[in-house]
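Since every read-out is calculated from the coordinates, none of them should be taken as a lab result. All values reported here derive from a predicted model rather than from experimental measurement. Don't worry about glycine lacking a Cβ; one is built from the backbone with ideal geometry, like all the others, and counts go over all protein chains shown.
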Amino acid sequence: MLKTFKMGGVHPAENKLSAGKAIEKLPLPKTVSIPVAQHIGAPATVVVKRGDEVKVGTVIAQSSGFVSTNIHSSVSGKVAKIDDVMDASGYKKKAVVISVEGDEWEQGIDTSDTLIKETHLDAKEINAKILAAGIVGLGGATFPTHVKLSPPPGMTAEVLLINGVECEPYLTSDHRLMLEKTAEIIVGTKLLMKSLGVNKAVIGIENNKPDAITRMKDFTANEPEITVQPLKVKYPQGGEKQLIKAVTGKEVPSGALPIAVGAVVNNVGTAFAVYEAVMKNKPLIERVVTVTGKSVKEPSNLMVRVGTPVTELVEAAGGMPEDTGKVISGGPMMGRALTTLEVPVTKGTSGILLIRNEESKRSEMEPCIRCGKCVNVCPMGLEPFLLMTMSEKKLWERSEDRHVMDCIECGSCSFTCPSNRPLLDYIRLGKGTVGKLIRARKSQN
Amino acid sequence: MSITLIYTVVVLSTIGIVSAIILYYVSQKFKVHEDPRIDQIEEALPSANCGGCGYAGCRAFAEACVAENELSALFCPVGGNDCMSEIAGILGLEAVQKAPKVAVLRCNGTCEHRPKTNAFDGAKSCASASSLYSGETGCAFGCLGYGDCVDVCDFDALHMNTETGLPEVDDEKCVACGACVDACPKDLFELRKKMPKDRKIYVACRNEDKGAAAKKSCEVACIGCGKCVKECPFEAITMDNNLAFIDSDKCKLCRKCVAVCPTGAIIEENFPPRKIKTEEIAEPTSAGPDSTDKA
């Protein structure tokens with residue numbers, strides 16, 4: 001019996017159209033717009049100005065607090081302007097716009113493909129390199145990795161979980177990384193283990209990627225501290241709390257972080273980025289983005305420089321199909337629909353999905369019939385129908401009592417509702433409002 | 001007459017009388033002494049229970065009135081000055097007269113002026129949409145048009161104009177209770193001083209983007225040029241973050257700012273049309289609307 005998480009979950013169609021396509025490098029664009037807020041926490045502070053010459057890897061914005069990180073130029077060229085640019089969040093954000101000239105890299109960055117396995121650096125030094133390289137969680141949450149690797153006082157990590165689950169339909173970037181950069185991911189895993197001070201790591205992979213499971217198992221055959229755990233295919237297995245439950249059997253308490261049960265979860269992409277940062281001195285300036293959709297001519301996995309406009313990716317995949325309803329940054333469950341293709345790819349862009357109109361257009365909302373399906377599928381054990389009504393009626397304190405802040409925004413509730421109710425939209429409103437109330441309360445005390 | 005019957009009647013009657021006496025004394029001892037003026041004030045109030053006064057209903061407001069020494073912080077927007085005078089009379093206090101106010105929507109981004117750049121497929125609620133992204137147009141500050149304000153108005157004073165995509169305030173019905181101000185996630189409503197003949201002059205824009213960006217999203221946006229600030233003879237206009245604001249307490253309705261505004265962001269309502277002088281070059285009529293039209 002395959003391990004899985006017990007509560008809730010849904011089974012959307014997998015549509016892993018690009019699973020067989022090897023990662024290709026996307027040619028450099030003419031301009032890149034690199035936002036200074038690509039991570040959870042304080043936006044980075046810009047340290048360049050118009051006219052400055054930059055190379056690949058030049059720091060263009062610096063970490064501005066504990067929960068913040070550095071931003072590097074992903075291209076070589078000249079800074080054209082610092083401007084507000086529309087990004088995938090649906091709001092305009094400050095970004096450094098660079099016009100591309102050539103492809104010169106900063107000195108010290110090793111651009112070769114040679115595998116480097118050993119390092120003499122200790123845990124602190126590894127963590128420092130991770131911060132310097134601007135590494136954030138590449139699963140999509142973009143939490144600064146060096147912060148995740150520094151447990152709060154009183155809490156210790158016992159196990160490192162590497163998230164190779166990729167439960168979102170359509171997305172295959174993690175899958176391809178596991179097949180093509182296997183050795184590098186294993187080295188990255190060991191670096192993360194060293195940084196955390198743990199001697200146990202488990203790599204979780206959903207069972208719909210048998211080739212990746214086999215390959216990862218082969219490469220860890222001589223690593224007694226690292227095991228590969230195949231998992232039952234169920235959305236959202238890739239959620240960190242669901243992964244912890246499935247692999248360790250432990251449940252993260254409401255409102256607490258995974259470190260509370262001794263676990264730290266990192267995406268395989270993050271492990272790969274850590275390898276490149278520590279062993280190759282390469283900061284986070286590019287990532288694998290899946291460009292996909294049922295009508296897309298060439299569903300692909302592209303290695304894209306941060307700041308590249310999405311228009312370039314769509315063109316590389318054969319252009320936007322006629323029947324496209326929405327262009328989604330991310331997957332169909334948790335992604336955000338874009339209002340324009342002129343948004344830049346950021347550290348958190350896992351995929352661009354050109355979804356057909358008939359699949360993406362929502363139907364008319366109908367009254368709640370109290371069927372309870374949403375409660376059934378919620379992986380966090382919440383009552384989505386109730387949380388939606390509370391947001392509609394502005395009952396924020398009651399919403400907080402009913403644990404709205406525990407919602408991981410996976411979308412299983414909206415996916416399953418027979419009355420087409422936009423449950424997640426209202427729950428997100430609730431989370432935002434309650435979050436503000438909580439922060440106001442904390443700052444008063 | 002059997003002895004049982006007599007005993008029954010006597011015992012039950014005694015229990016009844018004793019209970020009645022106990023109940024009477026208990027009710028007297030635990031009686032809640034309420035100031036009779038609370039009832040009187042509640043009679044004088046309009047019983048709308050709208051919360052516009054800031055209290056939980058008319059009775060709560062009546063209790064607050066009795067509890068305070070003076071009425072300067074208390075005002076019922078529905079009852080207005082007449083009602084407050086009556087309440088002052090009941091309490092033997094001085095009535096505080098407040099200038100009546102009316103709600104004004106500070107956005108003129110109609111479908112015509114502010115083209116849509118995308119279609120929103122989420123829940124048609126302003127609060128929800130505002131928390132998700134910057135909206136269906138290029139202006140992240142403007143009215144979303146899903147009508148949260150219309151839903152919340154207790155006085156039937158707000159209606160959605162489906163042609164323009166903006167809500168319209170009925171000046172006759174609006175009591176300035178403030179419900180729409182709270183409901184709008186973009187902070188577009190303002191309670192402005194009510195002027196004679198319902199005349200209004202206000203900047204119908206909340207866009208804080210730089211001029212070029214603002215104008216690109218909406219034809220009648222405030223571009224922050226500052227001409228109105230210079231023109232105003234009463235120093236009623238201030239500029240902050242590329243956006244002008246007219247203080248309704250200082251404004252004397254001279255209309256000079258309306259004439260100089262290059263985009264028509266400043267709106268004048270319920271004025272007669274301007275006279276065009278034939279000997280001079282015609283005074284530029286505001287690019288925005290005048291009289292009662294708002295689109």
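Short to long, the 20 Å bins of the Cα pair-distance histogram for the protein assembly as shown hold 14, 39, 29, 14, 4, 1, 0 percent of all pairs.
Taking other C-beta atoms within 10 angstrom as a stand-in for reagent exposure, A:Leu341, B:Leu132, A:Leu196 fall in the order A:Leu341, B:Leu132, A:Leu196, fewest first. Basic side chains Lys and Arg get +1 at the Cβ, acidic Asp and Glu get -1 at the Cβ, and with that the dipole of the protein assembly as shown about its Cα centre reaches some 1360 debye. Hey, with R₀ at 45 Å, roughly what FRET efficiency would B:Ile17 and B:Arg37 work out to, going by the Cβ-Cβ distance, to 0.05? Working from the Cβ atoms, E equals 0.75.
Rounded to two decimals, what ratio of Rg to Rh does region A:111-158 give with C-alpha atoms and a Kirkwood Rh? Write down the numbers at each step before the final one.
Details: Rg = 13.1 Å, Rh = 12.7 Å.
Looking at region A:111-158, the ratio lands at 1.04.
When each of the peptides B:94-102, B:257-265, B:169-177 is scored by how many other beta carbons lie within 10 Å of its residues on average, the order from highest to lowest is B:257-265, B:169-177, B:94-102. Site pair A:Ala260 and B:Glu168 shows an inter-label distance of 5.4 nm when each label is modelled 7 Å from Cα along Cα→Cβ.
With R₀ set to 45 Å, the beta-carbon distance separating A:Trp105 from A:Ala13 gives a calculated FRET efficiency near 0.60. When chain A is described by a simple charge dipole with +1 on each Lys and Arg Cβ and -1 on each Asp and Glu Cβ, the residue from A:Pro367, A:Ile226, A:Leu341 located farthest towards its positive end is A:Pro367. Ranked by the mean number of other Cβ atoms within 10 Å per residue, highest first, peptides A:430-438, A:128-136, A:178-186 order as A:128-136, A:178-186, A:430-438.
Would you mind ranking A:Ser391, A:Ser295 so that the residue whose beta carbon has the fewest other beta carbons within 10 Å leads the list? The partial results should precede the final answer.
Working: A:Ser391 28, A:Ser295 15.
Result, fewest neighbours first: A:Ser295, A:Ser391.
Around B:Gly57, what is the net charge, scoring Lys/Arg as +1 and Asp/Glu as -1 over all other residues with Cβ under 15 Å from its Cβ? Here the charged neighbours net out to -4.
Checking every one of the GluC sites (Glu not before Pro) in region A:340-445 against DSSP loop status and a limit of 16 other Cβ atoms within 10 Å picks out A:Glu342, A:Glu364, A:Glu409.
Measuring spread by the Cα atoms of region B:114-179 yields a radius of gyration and Dmax of 12.8, 36 Å. Once the Cα-Cα distance is subtracted from the 0.36 nm per residue extended length, the B:Lys197 to B:Lys256 segment shows a gain of 19.4 nm. With both labels modelled 7 Å from their Cα along Cα-to-Cβ, the B:Ser72 to A:Gln62 distance reads 5.1 nm.
Quote the charge dipole size of region B:215-259 about the Cα centre in Debye, to the nearest 20; the model charges only the Cβ of Lys and Arg (+1) and of Asp and Glu (-1). It would help to have the intermediate numbers written out before the result.
On the way: 8 positive and 6 negative charges, 45 e Å.
The calculated dipole for region B:215-259 is roughly 220 debye.
Orientation-averaged projection of region A:123-280 equals 8.6 nm² [convex hull of Cα atoms, one quarter of hull surface area]. With a 10 Å cut-off around each Cβ of B:122-129, the average count of Cβ atoms from other chains is 6. The Cys residues in chain A with no partner Cys Cβ within less than 4.7 Å of their Cβ are A:Cys167, A:Cys368, A:Cys371, A:Cys378, A:Cys407, A:Cys410, A:Cys417.
Efficiency by 1/(1 + (r/R0)^6): what FRET value for A:Lys117 and A:Lys393, r their Cβ-Cβ distance, R0 = 56 Å, to the nearest 0.05? Before the final figure, lay out the partial values.
Numbers: r = 58 Å, r/R0 = 1.04.
After rounding to 0.05, the efficiency reads 0.45.
In terms of other Cβ atoms within 10 Å, B:Ile237, B:Ile90 run from fewest to most in the order B:Ile90, B:Ile237.
Report, in debye and to the nearest 20, how large the dipole of chain B comes out about its Cα centre when Lys and Arg carry +1 and Asp and Glu carry -1 on their Cβ. Before the final figure, lay out the partial values.
Values: 32 positive and 42 negative charges, 129 e Å.
Charge dipole, chain B, about its Cα centre: 620 debye, nearest 20.
Once you divide the Cα radius of gyration of region A:249-339 by 2.2 N^0.38 Å, the number left is 1.44. At q = 0.24 Å⁻¹ the log10 of I(q)/I(0) for region B:36-91 amounts to -0.89, computed by Debye summation with a single uniform scatterer per C-alpha, solvent ignored. Remark on region A:29-100: Rg and Dmax equal 11.4, 34 Å (Cα only). Spread over its residues, the convex hull of the C-alpha atoms of region B:101-269 is 107 Å³ per residue. Spin-label model, A:Glu251 to A:Met320: label points 7 Å out along the Cα-to-beta-carbon direction sit 4.5 nm apart.
Per residue of A:8-21, what is the mean number of Cβ atoms on other protein chains within 10 angstrom of that residue's Cβ? Numbers along the way, then the final one.
Details: counts 0, 0, 0, 0, 0, 0, 0, 0, 0, 0, 0, 0, 0, 0.
Mean shielding by partner chains, rounded to a whole number: 0.
Checking every one of the trypsin sites (Lys or Arg not before Pro) in region A:88-120 against DSSP loop status and a limit of 12 other Cβ atoms within 10 Å picks out A:Lys117.
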